[in-house]
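The structure appears right after this line, and notes come after that.
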Amino acid sequence: MEGIVPPAERVVATYSIVACDLDAQQWGVAVQSKFLAVGSVVPWAEPGVGAVATQSYANPRYGPDGLTLLRDGKSPQETIDSLTAADKDRDHRQVGIVDAQGRGATFTGSSCHDWAGGRTGDGYAAQGNILVSAATVDALATTFEANGHLELPERLIECLAAAQAAGGDRRGQQSASLLVVEKNAGYANLSDTVVDLRVDDHERPVAELRRIYALHRELFGVTPEEDWVNVDDALRAELQERLTTLGYDGDLPVAFDDWAGAANLEERVNGVDRIDPIVLDALRRASA
(Lines give C-alpha, C1' and ligand atoms only; values in the text may rest on other atoms or scores of the structure.)
Protein backbone atom coordinates (compact mmCIF):
# COMPACT_ATOMS: atom_id res chain seq x y z
CA MET A 1 0.00 0.00 0.00
CA GLU A 2 1.08 3.54 -0.66
CA GLY A 3 0.48 6.93 0.87
CA ILE A 4 -1.20 7.86 4.14
CA VAL A 5 -4.25 5.70 4.74
CA PRO A 6 -7.27 7.57 6.11
CA PRO A 7 -8.37 6.21 9.51
CA ALA A 8 -9.93 2.75 9.38
CA GLU A 9 -9.56 2.57 5.59
CA ARG A 10 -7.48 0.31 3.33
CA VAL A 11 -6.30 1.16 -0.14
CA VAL A 12 -7.96 -1.01 -2.76
CA ALA A 13 -5.77 -0.16 -5.75
CA THR A 14 -7.35 -1.94 -8.62
CA TYR A 15 -9.14 -1.92 -11.93
CA SER A 16 -12.82 -2.75 -12.20
CA ILE A 17 -15.84 -2.60 -14.46
CA VAL A 18 -19.47 -2.31 -13.44
CA ALA A 19 -21.86 -3.24 -16.24
CA CYS A 20 -25.24 -4.58 -17.26
CA ASP A 21 -26.98 -6.62 -19.92
CA LEU A 22 -30.44 -5.09 -20.11
CA ASP A 23 -31.78 -7.80 -22.44
CA ALA A 24 -30.85 -10.45 -19.86
CA GLN A 25 -31.72 -8.12 -16.95
CA GLN A 26 -28.33 -8.78 -15.37
CA TRP A 27 -25.98 -6.43 -13.54
CA GLY A 28 -22.43 -7.20 -12.50
CA VAL A 29 -18.98 -6.19 -11.32
CA ALA A 30 -15.58 -7.62 -12.23
CA VAL A 31 -12.42 -6.54 -10.44
CA GLN A 32 -8.71 -7.39 -10.10
CA SER A 33 -6.16 -6.00 -7.66
CA LYS A 34 -2.85 -6.40 -5.88
CA PHE A 35 -4.90 -6.68 -2.71
CA LEU A 36 -6.00 -9.67 -0.64
CA ALA A 37 -9.61 -10.77 -1.27
CA VAL A 38 -10.65 -7.73 -3.32
CA GLY A 39 -14.09 -9.30 -3.82
CA SER A 40 -14.86 -8.77 -0.14
CA VAL A 41 -14.75 -4.97 -0.53
CA VAL A 42 -15.29 -3.67 -4.07
CA PRO A 43 -18.37 -5.27 -5.76
CA TRP A 44 -22.03 -4.57 -4.98
CA ALA A 45 -25.06 -5.24 -7.19
CA GLU A 46 -28.83 -5.60 -7.04
CA PRO A 47 -31.07 -6.74 -9.91
CA GLY A 48 -33.28 -4.03 -11.35
CA VAL A 49 -31.29 -1.40 -9.43
CA GLY A 50 -27.67 -1.37 -10.56
CA ALA A 51 -24.07 -2.14 -9.63
CA VAL A 52 -21.36 -0.32 -7.68
CA ALA A 53 -17.57 -0.72 -7.44
CA THR A 54 -15.91 1.11 -4.53
CA GLN A 55 -12.11 1.22 -4.48
CA SER A 56 -8.88 3.19 -3.95
CA TYR A 57 -9.01 4.02 -0.21
CA ALA A 58 -12.31 2.22 -0.38
CA ASN A 59 -15.39 3.32 1.50
CA PRO A 60 -17.41 0.10 1.66
CA ARG A 61 -20.54 2.06 2.58
CA TYR A 62 -20.61 3.39 -0.97
CA GLY A 63 -21.90 -0.06 -1.98
CA PRO A 64 -25.14 -0.40 0.00
CA ASP A 65 -25.68 3.35 0.24
CA GLY A 66 -25.19 3.74 -3.49
CA LEU A 67 -27.71 1.00 -4.25
CA THR A 68 -30.20 2.67 -1.91
CA LEU A 69 -29.82 5.98 -3.75
CA LEU A 70 -30.28 4.24 -7.10
CA ARG A 71 -33.34 2.45 -5.76
CA ASP A 72 -34.75 5.81 -4.73
CA GLY A 73 -34.46 7.10 -8.29
CA LYS A 74 -31.12 8.92 -8.30
CA SER A 75 -29.06 8.73 -11.47
CA PRO A 76 -25.53 7.27 -11.27
CA GLN A 77 -24.00 10.76 -11.33
CA GLU A 78 -26.43 12.05 -8.70
CA THR A 79 -25.61 8.99 -6.59
CA ILE A 80 -21.89 9.68 -6.80
CA ASP A 81 -22.46 13.34 -6.00
CA SER A 82 -24.44 12.40 -2.88
CA LEU A 83 -21.92 9.80 -1.72
CA THR A 84 -18.88 12.01 -2.16
CA ALA A 85 -20.51 15.15 -0.77
CA ALA A 86 -21.04 13.36 2.55
CA ASP A 87 -17.50 11.94 2.67
CA LYS A 88 -14.65 14.10 4.00
CA ASP A 89 -12.13 11.68 2.45
CA ARG A 90 -13.70 11.89 -1.01
CA ASP A 91 -10.41 12.89 -2.61
CA HIS A 92 -9.04 9.41 -1.82
CA ARG A 93 -12.04 7.51 -3.23
CA GLN A 94 -12.79 5.91 -6.54
CA VAL A 95 -16.20 4.58 -7.50
CA GLY A 96 -18.03 3.35 -10.59
CA ILE A 97 -21.80 2.94 -10.93
CA VAL A 98 -24.22 1.63 -13.54
CA ASP A 99 -27.98 1.89 -13.01
CA ALA A 100 -31.15 0.03 -13.99
CA GLN A 101 -31.25 1.87 -17.33
CA GLY A 102 -27.62 1.13 -18.21
CA ARG A 103 -26.36 4.63 -17.51
CA GLY A 104 -22.81 4.77 -16.16
CA ALA A 105 -20.83 7.21 -14.04
CA THR A 106 -17.36 7.10 -12.52
CA PHE A 107 -15.45 9.22 -10.01
CA THR A 108 -11.75 9.44 -9.23
CA GLY A 109 -10.65 11.57 -6.28
CA SER A 110 -7.83 14.02 -6.79
CA SER A 111 -5.60 12.18 -4.28
CA CYS A 112 -5.86 8.73 -5.91
CA HIS A 113 -2.44 7.39 -6.94
CA ASP A 114 -1.40 7.55 -10.60
CA TRP A 115 -2.35 6.31 -13.00
CA ALA A 116 -5.96 6.77 -11.93
CA GLY A 117 -9.10 7.50 -13.89
CA GLY A 118 -12.24 6.11 -15.45
CA ARG A 119 -14.33 5.84 -18.59
CA THR A 120 -18.05 5.29 -19.19
CA GLY A 121 -20.19 4.09 -22.05
CA ASP A 122 -23.50 2.47 -22.83
CA GLY A 123 -24.09 -0.07 -20.07
CA TYR A 124 -20.82 0.26 -18.17
CA ALA A 125 -18.35 2.28 -16.11
CA ALA A 126 -14.66 1.28 -16.01
CA GLN A 127 -12.08 2.66 -13.57
CA GLY A 128 -8.74 1.97 -11.97
CA ASN A 129 -5.94 3.40 -9.84
CA ILE A 130 -2.23 2.69 -9.34
CA LEU A 131 -2.24 1.42 -12.92
CA VAL A 132 0.60 1.15 -15.41
CA SER A 133 -1.27 3.57 -17.69
CA ALA A 134 -4.65 4.64 -19.02
CA ALA A 135 -4.43 1.69 -21.43
CA THR A 136 -5.77 -0.62 -18.69
CA VAL A 137 -9.06 1.26 -18.38
CA ASP A 138 -9.26 1.70 -22.14
CA ALA A 139 -8.94 -2.08 -22.51
CA LEU A 140 -11.80 -2.65 -20.06
CA ALA A 141 -14.01 -0.30 -22.06
CA THR A 142 -13.15 -1.39 -25.60
CA THR A 143 -13.39 -5.08 -24.71
CA PHE A 144 -16.82 -4.61 -23.17
CA GLU A 145 -18.01 -2.68 -26.21
CA ALA A 146 -16.67 -5.31 -28.62
CA ASN A 147 -18.18 -8.38 -26.95
CA GLY A 148 -21.91 -7.80 -26.79
CA HIS A 149 -22.45 -11.31 -28.17
CA LEU A 150 -21.17 -12.86 -24.92
CA GLU A 151 -23.18 -13.48 -21.79
CA LEU A 152 -22.41 -10.88 -19.13
CA PRO A 153 -20.18 -13.06 -16.88
CA GLU A 154 -17.96 -14.14 -19.80
CA ARG A 155 -17.90 -10.59 -21.14
CA LEU A 156 -16.66 -9.26 -17.80
CA ILE A 157 -13.94 -11.90 -17.51
CA GLU A 158 -12.75 -10.98 -21.00
CA CYS A 159 -12.59 -7.35 -19.86
CA LEU A 160 -10.34 -8.26 -16.92
CA ALA A 161 -8.06 -10.36 -19.11
CA ALA A 162 -7.69 -7.57 -21.66
CA ALA A 163 -7.00 -5.01 -18.93
CA GLN A 164 -4.29 -7.20 -17.42
CA ALA A 165 -2.69 -7.71 -20.83
CA ALA A 166 -2.67 -3.92 -21.26
CA GLY A 167 -0.66 -3.44 -18.07
CA GLY A 168 -3.01 -3.76 -15.13
CA ASP A 169 -2.18 -2.74 -11.56
CA ARG A 170 1.42 -1.50 -11.60
CA ARG A 171 2.13 -3.35 -8.33
CA GLY A 172 1.17 -6.72 -9.81
CA GLN A 173 -1.65 -9.22 -9.30
CA GLN A 174 -3.19 -10.93 -6.29
CA SER A 175 -6.97 -11.30 -6.30
CA ALA A 176 -9.99 -11.07 -8.59
CA SER A 177 -13.75 -11.30 -8.31
CA LEU A 178 -16.86 -11.69 -10.48
CA LEU A 179 -20.37 -10.82 -9.25
CA VAL A 180 -23.45 -11.04 -11.49
CA VAL A 181 -27.06 -10.74 -10.33
CA GLU A 182 -30.45 -11.36 -11.92
CA LYS A 183 -33.85 -11.59 -10.22
CA ASN A 184 -34.58 -15.19 -9.13
CA ALA A 185 -31.91 -16.61 -11.45
CA GLY A 186 -29.51 -17.92 -8.81
CA TYR A 187 -29.30 -21.33 -7.18
CA ALA A 188 -32.62 -23.24 -7.40
CA ASN A 189 -34.18 -19.96 -8.62
CA LEU A 190 -34.32 -18.94 -4.96
CA SER A 191 -31.53 -16.36 -5.12
CA ASP A 192 -30.67 -13.31 -7.20
CA THR A 193 -26.96 -14.19 -7.30
CA VAL A 194 -26.14 -15.78 -10.66
CA VAL A 195 -22.36 -15.74 -10.18
CA ASP A 196 -20.32 -14.84 -7.09
CA LEU A 197 -16.77 -16.11 -7.58
CA ARG A 198 -13.64 -14.90 -5.81
CA VAL A 199 -9.95 -15.64 -6.17
CA ASP A 200 -8.53 -14.25 -2.94
CA ASP A 201 -4.78 -14.88 -3.27
CA HIS A 202 -3.20 -16.19 -6.47
CA GLU A 203 -0.23 -15.44 -8.75
CA ARG A 204 -2.55 -15.25 -11.78
CA PRO A 205 -5.97 -14.38 -10.37
CA VAL A 206 -7.70 -13.55 -13.65
CA ALA A 207 -6.67 -16.87 -15.22
CA GLU A 208 -7.81 -18.65 -12.07
CA LEU A 209 -11.12 -16.77 -12.12
CA ARG A 210 -11.65 -17.94 -15.70
CA ARG A 211 -10.93 -21.54 -14.62
CA ILE A 212 -13.38 -21.56 -11.73
CA TYR A 213 -16.02 -19.83 -13.84
CA ALA A 214 -15.76 -22.76 -16.27
CA LEU A 215 -16.45 -25.08 -13.33
CA HIS A 216 -19.37 -22.90 -12.32
CA ARG A 217 -20.79 -23.16 -15.84
CA GLU A 218 -20.48 -26.94 -15.78
CA LEU A 219 -22.36 -27.21 -12.49
CA PHE A 220 -24.91 -24.42 -12.76
CA GLY A 221 -25.13 -23.43 -16.42
CA VAL A 222 -28.30 -23.97 -18.45
CA THR A 223 -28.30 -26.11 -21.58
CA PRO A 224 -31.17 -25.23 -23.98
CA GLU A 225 -33.95 -27.82 -23.84
CA GLU A 226 -33.59 -28.57 -27.55
CA ASP A 227 -30.04 -29.77 -26.92
CA TRP A 228 -31.01 -32.34 -24.28
CA VAL A 229 -30.73 -36.02 -25.22
CA ASN A 230 -33.75 -38.33 -25.31
CA VAL A 231 -33.20 -41.38 -23.10
CA ASP A 232 -34.11 -44.43 -25.20
CA ASP A 233 -33.84 -48.03 -24.03
CA ALA A 234 -30.16 -48.33 -24.96
CA LEU A 235 -29.21 -45.13 -23.13
CA ARG A 236 -31.36 -46.08 -20.14
CA ALA A 237 -29.45 -49.37 -19.88
CA GLU A 238 -26.14 -47.49 -20.15
CA LEU A 239 -27.14 -45.07 -17.39
CA GLN A 240 -28.15 -47.93 -15.11
CA GLU A 241 -24.88 -49.77 -15.73
CA ARG A 242 -22.73 -46.72 -15.15
CA LEU A 243 -24.57 -45.77 -11.98
CA THR A 244 -24.21 -49.31 -10.66
CA THR A 245 -20.48 -49.14 -11.36
CA LEU A 246 -20.35 -46.02 -9.18
CA GLY A 247 -22.32 -47.71 -6.39
CA TYR A 248 -25.76 -46.27 -7.13
CA ASP A 249 -28.04 -49.30 -7.39
CA GLY A 250 -31.80 -49.63 -7.57
CA ASP A 251 -34.50 -47.67 -9.36
CA LEU A 252 -32.97 -45.52 -12.12
CA PRO A 253 -34.64 -42.18 -11.24
CA VAL A 254 -33.59 -42.47 -7.60
CA ALA A 255 -30.06 -43.67 -8.39
CA PHE A 256 -29.61 -40.95 -11.00
CA ASP A 257 -30.81 -38.19 -8.66
CA ASP A 258 -28.60 -39.49 -5.86
CA TRP A 259 -25.50 -39.52 -8.08
CA ALA A 260 -26.28 -36.08 -9.57
CA GLY A 261 -26.69 -34.61 -6.10
CA ALA A 262 -23.40 -36.08 -4.94
CA ALA A 263 -21.73 -34.68 -8.08
CA ASN A 264 -23.29 -31.22 -7.47
CA LEU A 265 -25.14 -31.47 -10.78
CA GLU A 266 -28.67 -31.48 -9.38
CA GLU A 267 -29.47 -28.13 -11.01
CA ARG A 268 -29.00 -29.80 -14.42
CA VAL A 269 -31.31 -32.76 -13.78
CA ASN A 270 -35.06 -33.05 -14.49
CA GLY A 271 -36.07 -36.70 -14.39
CA VAL A 272 -34.62 -39.44 -16.61
CA ASP A 273 -36.70 -39.18 -19.79
CA ARG A 274 -34.24 -36.63 -21.17
CA ILE A 275 -30.71 -35.80 -20.03
CA ASP A 276 -28.54 -32.73 -20.24
CA PRO A 277 -25.48 -33.64 -22.38
CA ILE A 278 -23.21 -31.98 -19.80
CA VAL A 279 -24.55 -34.40 -17.17
CA LEU A 280 -24.22 -37.36 -19.51
CA ASP A 281 -20.59 -36.49 -20.24
CA ALA A 282 -19.89 -36.10 -16.51
CA LEU A 283 -21.37 -39.52 -15.75
CA ARG A 284 -19.41 -41.16 -18.53
CA ARG A 285 -16.16 -39.60 -17.29
CA ALA A 286 -16.84 -40.58 -13.70
CA SER A 287 -17.62 -44.21 -14.60
CA ALA A 288 -14.98 -44.72 -17.30
* Can you give the accessible area of Asp200 in Å² (nearest 10), computed on protein heavy atoms with a 1.4 Å probe? -> 70
* Structure fact -> Shape descriptor, region 38-150: equivalent ellipsoid semi-axes (Cα gyration tensor, sqrt 5λ, whole Å, largest first) stand at 20, 19, 11
* To do: Mind pulling the angle between the C-alpha long axis of helix 205-220 and the longest principal axis of the chain? Nearest 10 degrees, somewhere in 0 to 90.
  => 40
* Structure fact -> Placing +1 on each Lys and Arg Cβ and -1 on each Asp and Glu Cβ in the chain, then taking the dipole about the Cα centre, the residue among Leu190, Cys20, Val38 whose Cα reaches farthest towards the positive end is Val38
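Per residue, how much accessible area does the chain have with a 1.4 Å probe, in Å²?
On the way: 12870 Å² over 288 residues.
On a per-residue basis, the chain sits at 45 Å².
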* Asked: Which ³J(HN,Hα) values in Hz, rounded to whole numbers, follow from the phi angles of region 125-139 under the Karplus curve 6.51 cos²θ - 1.76 cosθ + 1.60, where θ = phi - 60° and Gly and Pro get x?
  -> 9, 10, 7, x, 8, 6, 9, 4, 6, 5, 4, 5, 5, 4, 5
* Once the mean 1/r over all distinct Cα pairs of region 209-280 is inverted, what Kirkwood radius in angstroms do you read off? -> 12.8
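What is the calculated FRET efficiency for Arg285 to Ala188, with r their C-beta to C-beta distance and R₀ = 30 Å, to the nearest 0.05?
With R0 = 30 Å, the Cβ-Cβ based efficiency is 0.75.
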* **Expected-Rg normalisation [2.2 N^0.38 Å, Cα atoms] applied to region 162-231** => 1.42
* Asked: Excluding ligands and nucleic acids, what accessible area in Å² is computed for His149 using a 1.4 Å probe, to the nearest 10?
  -> 140
* Using Cα atoms only, what is the angle between the long axis of helix 233-245 and the major principal axis of the chain, expressed in degrees (0 to 90) to the nearest 10? -> 70
* Asked: Given the Cα atoms of the chain, and with Rh set as the inverse mean 1/r over their pairs in the Kirkwood sense, what is Rg to Rh to two decimals?
  -> 1.08
* Asked: So how much slack lies between Glu218 and Asp138, counting 0.36 nm per residue of separation and subtracting their Cα-Cα distance, in nm?
  -> 25.7 nm
* **Cα long-axis angle, helix 252-262 against the chain (0 to 90 degrees, to the nearest 10)** => 30
* **Per-residue [θ]222 nm for the chain (sum of -39500 (n - 2.57) over DSSP H runs n ≥ 4, rounded to 500)** => -10500 deg cm²/dmol
* To do: Please report, to one decimal in angstroms, the Kirkwood hydrodynamic radius of region 110-168 built from all distinct Cα-Cα pairs.
  => 11.4
* Calculate one ³J(HN,Hα) per residue across region 78-95 by plugging θ = phi - 60° into the Karplus curve 6.51 cos²θ - 1.76 cosθ + 1.60, and present them in order as whole Hz with x for glycine and proline. => 5, 5, 4, 4, 5, 5, 6, 4, 8, 10, 5, 9, 4, 5, 8, 8, 9, 8
* Which of the listed residues, Gly73, Val269, Thr84, is farthest toward the dipole's positive end in the chain, when Lys, Arg count +1 and Asp, Glu count -1 at the beta-carbon? -> Thr84
* Between Val137, Val98, Val199, find the one with the highest GNM mean-square fluctuation for the chain; connect C-alpha pairs within less than 10 Å. => Val199
* To do: Before anything else, pin down the relative contact order of the chain: Cα pairs under 8 Å, at least 6 apart, normalised by residue count, whole percent.
  => 16
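The values are calculated or read from the model by the stated rules, or taken from the named source; none is laboratory data. Note that the structure is predicted; figures quoted are calculated from it, not measured. FYI the Cβ positions are ideal-geometry reconstructions off the backbone, even for glycines, and counts take in every protein chain you see. The accessibility values were calculated without ligands, DNA or RNA, using every heavy atom of the protein model including side chains. Shrake-Rupley method; radii C 1.70, N 1.55, O 1.52, S 1.80 Å.
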